[in-house]
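Here's the structure, in structure tokens; my notes come after.
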Amino acid sequence: MSAGAHQQSSAPTELGSIPATGTINISSLRDSAIVSLKMKTVSTEGYQTGCIIDARAFFASCRALIDSQLDRLIPKESEEPIRVHSAIRWSLFAGGKRFRPALLLATGQTFGANADRLLRTACALEMIHTYSLIHDDLPSMDNDDLRRGRPTCHVKFDEATAILAGDALQTLAFQTIAEDEDLAPTLRVQLIAEIARAAGTPEGMVAGQAHDLAAESRDVAAAELELIHHRKTGALIRAAARCGALIAGAKEKELDAITEYATNLGLLFQITDDLLDVTATAEDLGKTPGKDARARKATYPAFYGVEATRAHLAVVHRACHDELEKIEQRTQLLRSIADFIIERQA
Ligand code: IPE
Ligand code: IPE
Ligand code: MG
Ligand code: MG
Ligand code: MG
């Protein structure tokens with residue numbers, strides 16, 4: 001299909017019809033269907049910078065912006081290979097919280113960057129995250145059949161398609177940043193390295209997932225449990241916050257504080273995920289609860305019990321707030337995000 005068709009077609013029904021606001025330089029379309037991702041820009045109207053300090057309101061204000069940009073970055077279902085593109089869209093536009101892209105926007109905005117410079121990297125993170133969910137649910141991994149309130153990708157399509165959908169989301173994520181002409185080339189490389197390290201191995205999500213699976217068949221110590229959580233979930237959340245700060249040009253000391261804040265936030269996020277697996281309903285979660293215990297997963301409730309896990313959460317939550325004390329900028333929104341995570345029910 002042509003890039004022009006790509007630009008003019010409507011968003012999937014889940015999103016409603018979203019008008020494109022970017023402009024296309026026709027001469028760039030002459031020889032190929034490849035079009036710079038820079039052209040697929042959405043209006044940032046409705047996204048309010050600087051004034052929202054409540055996490056829930058902020059997430060609500062970001063959602064349409066993130067989803068519109070994702071819709072422009074992802075090939076249409078009508079484009080070949082249709083099955084893979086349908087599978088990507090099935091999983092991506094199923095109503096996730098968009099926590100990682102929103103965190104990137106929040107951190108970037110804290111240090112003064114506008115949404116135009118943050119949005120594509122934010123979307124890239126959501127692509128990596130959704131790929132991780134598709135693969136996490138595979139029969140050879142957590143073997144889940146419900147995700148974001150829908151049948152999982154391999155259940156709706158098939159395993160091979162789900163693997164390819166995840167693979168494609170991962171490469172699209174890096175392509176998105178590489179082709180982001182709003183950012184200097186050196187910054188793009190820095191962001192790509194940051195996210196690759198966080199998503200891969202030995203310190204990132206892939207390493208954490210491998211460790212998580214290996215821990216199903218043996219006992220782990222407390223430090224090992226924490227390491228699994230930092231890697232499988234924390235690394236990407238930390239990268240989200242760091243990328244926002246990097247794009248905004250935060251100073252080294254500010255970046256250090258944000259890194260510590262987000263390291264704790266990532267741990268907070270996975271411990272609440274563990275807790276919700278014990279306490280929440282499938283309706284609230286959009287995924288099947290109780291699976292961690294059945295799979296003998298290394299989780300905080302399994303290791304410490306529910307009450308001690310809640311006490312642990314309070315300590316980690318406090319640490320998030322303490323790190324923000326080191327930053328001069330207004331950090332109410334980042335504080336509220338930590339509050340949102342500890343209180344979340346889904
Ligand atoms: C679920 O992530 C997987 C974990 C890393 C715990 P989210 O809770 O952010 O899932 P979505 O994106 O809202 O579906
Ligand atoms: C997932 O952890 C971490 C990922 C990298 C996807 P979980 O396996 O606990 O996530 P859920 O509970 O299936 O969402
Ligand atoms: Mg898992
Ligand atoms: Mg899982
Ligand atoms: Mg879980």
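If a/c stays under 1.5 just call it rounded; otherwise compare a/b with b/c (prolate if a/b is bigger, oblate if not). Do that for segment 152-239, with a ≥ b ≥ c from the square roots of the Cα gyration tensor eigenvalues. Oblate is the answer for segment 152-239, as a/c is 1.5 or above yet b/c matches or exceeds a/b. About the centre of its Cα atoms, segment 48-99 shows a dipole size close to 160 debye [charges on the beta carbon of Lys, Arg (+1) and Asp, Glu (-1) only; nearest 20 debye]. Here segment 100-253 has an Rg and Dmax of 16.4, 48 Å, counting Cα atoms alone. Remark: relative contact order (the chain) = 17 percent; criterion is Cα-Cα distance under 8 angstrom and separation of 6 or more residues. The three principal axes of the C-alpha atoms in segment 195-252 carry coordinate ranges of 44, 20, 13 Å, sorted with the longest axis first.
Suppose only helical runs count, i.e. DSSP H with n ≥ 4. What mean residue ellipticity at 222 nm does that imply for the chain under -39500 (n - 2.57) per run, divided by all residues and rounded to the nearest 500 deg cm²/dmol? Write down the numbers at each step before the final one.
Values: 17 runs with 213 residues, N = 346.
Computed ellipticity for the chain at 222 nm equals -19500 deg cm²/dmol.
Here, segment 286-346 yields an orientationally averaged convex hull projection of 5.2 nm² when only Cα atoms define the hull.
Computed over segment 157-206, the percent of Cα pairs more than 14 Å apart is 60. At q = 0.06, 0.13 Å⁻¹ the log10 of I(q)/I(0) for the chain amounts to -0.20, -1.00, computed by Debye summation with a single uniform scatterer per C-alpha, solvent ignored. Helix screen, the chain: DSSP H segments with Cα axial length of 27 Å or more and mean Kyte-Doolittle hydropathy at least -1.0 are 115-136, 159-178, 252-279, 306-324.
Projecting the Cα atoms of ASN264, PHE99, ALA298 onto the charge dipole of the chain (Cβ charges, centred on the Cα centre) puts PHE99 farthest toward the positive pole. Taking the Cα centre of the chain as reference, the dipole from Cβ charges on Lys and Arg (+1) and Asp and Glu (-1) amounts to some 420 debye.
Relative protection proxy for 139-150, 96-107, from highest mean packing down: 96-107, 139-150 (other beta-carbon atoms within 10 angstrom).
The numbers here are math on the coordinates, done by the rules we state, and not lab data. Bear in mind the structure is a predicted one, so any value in this text is a computation, not a measurement. Virtual Cβ from ideal backbone geometry, glycine too; neighbours counted across all protein chains shown.
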